Amino acid sequence: MGSSGKGAKQSALKKLRSALSTAGLTGPSAHVTKKDKKRGVAKAGSSKTIERRQKLRAIQKALNPFEMQVNRKKLDVLGLKRKDEVVNVAVARQRAVEKRKSTIGEERKNKHRTGGVVDRRIGENDPTMDPEEKMLKRFTAERQKRSSAAMYNLEDDNGDVEGEITSLTHYGQSISEMD
């Protein structure tokens, strides 16, 4: 009944402390004096920050088994792409939260906001156009609007547009003559 299963009965905090000490991440830090700073001598741990972060990530992964989800393959199918077999749930949850903040969060910010002026003048948002070009394009667009509206005007007698039907017919006879 003694301490035969010592590693299995440890609390999470004790496991963390032992993992940090075996990795060499705990202990006294190097003392840097003002003279050392002036000379350019850095702390012993500052050059090893990348290694330290990698060790901490490895310890974090090893200590919390509930963050990993294992997806079981039911059938092996050729050509079928599958997601990862082992998924880190905490990372996936964090990604989902960030995605929601970027999409739904923006919509919620602008929920009751309306308005804003959209400048739809031709060439106004194009800094490469000369003022003369802008005026010419606006003029041509205005002309095109007028000509397309005049095409459906039945009362107009001007024959400006080529190929325009001058009178309405019914079986080749003019409707104005039929009355």
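Observations on the model:
- Modelled FRET efficiency - R0 45 Å, D130 with V91, Cβ distances, 0.05 increments: 0.25
- Estimated FRET transfer efficiency (E67, K111; beta-carbon r; R0 45 Å; 0.05): 0.85
- Listed values for segment 120-125 are Karplus-derived 3J(HN,Hα) couplings in whole Hz (6.51 cos²θ - 1.76 cosθ + 1.60, θ = phi - 60°), namely 9, 5, 5, x, 6, 8, and x replaces Gly and Pro.
- Note, ³J(HN,Hα) from phi for segment 167-175, Karplus 6.51, -1.76, 1.60, rounded to Hz, x at Gly and Pro: 8, 7, 10, 9, 6, x, 9, 5, 5
- Under Karplus coefficients 6.51, -1.76 and 1.60, residue-wise ³J(HN,Hα) of segment 88-102 in Hz, glycine/proline x: 7, 5, 5, 5, 5, 5, 5, 4, 5, 5, 5, 5, 5, 4, 6
- Of all accessible heavy-atom area on segment 81-154, the percent that carbon and sulfur account for (1.4 Å): 52
- Protection-proxy order for peptides 69-80, 93-104, 115-126, each taking the mean of Cβ atoms within 10 Å per residue, highest first: 93-104, 115-126, 69-80
The values are calculated or read from the model by the stated rules, or taken from the named source; none is laboratory data. Just so you know, these numbers come straight off a predicted model, no measurement behind them. Positions of Cβ are generated from backbone atoms using ideal geometry, with glycine treated the same way; all protein chains shown enter the neighbour counts. Side chains are part of the model used for accessible areas, which takes the heavy atoms of the whole protein and leaves out ligands, DNA and RNA. Shrake-Rupley method; radii C 1.70, N 1.55, O 1.52, S 1.80 Å.
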